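K.L.:
First, the structure itself, so that you have it in front of you.
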Amino acid sequence: MQRVMDQVFENETIVFDGFHFIGCSFINCILIITSGTFDFDRCSYRGSTFYVDPSLSIFDVKQSLYEDADLHSLEESHSLDVVEIQR
């Protein structure tokens, strides 16, 4: 899994799959989760919206952890522009 450390993402669409975010900040972002192959430590989420594949059991876990963020099913999503994370 690729590590992304101490980055600030603002007004971006990020796919979490395949990344381990450490100490990152997500401000007004759209965060997409389609698999369980991601991790995060010491990250902050302000005004961000999670779009989670409804077939993942992780959905309920994330909902309880991030009550301040909006959570949506990918089925509800519109066409989203995805930002590629610099490696």
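The values are calculated or read from the model by the stated rules, or taken from the named source; none is laboratory data. All values derive from a computational prediction rather than experimental measurement. Glycine gets a Cβ as well: all are built from the backbone with ideal geometry, and neighbour counts include every protein chain shown.
K.L.:
Mind checking whether some residue in region 1-13 is part of a loop (DSSP other than H, G, I, E, B) and among the basic types (Lys, Arg)?
P.N.:
no
K.L.:
Evaluate the following for residue 36: is it loosely packed, with under 15 Cβ neighbours inside 10 Å and modelled with pLDDT of 80 or more?
P.N.:
No: the conditions fail for residue 36.
K.L.:
Right, here's the next one. All but one of (1) touching a strand residue (DSSP E or B) at 6+ places or on another chain (Cβ under 7 Å); (2) at pLDDT 90 or above hold for residue 12; which doesn't?
P.N.:
(1)
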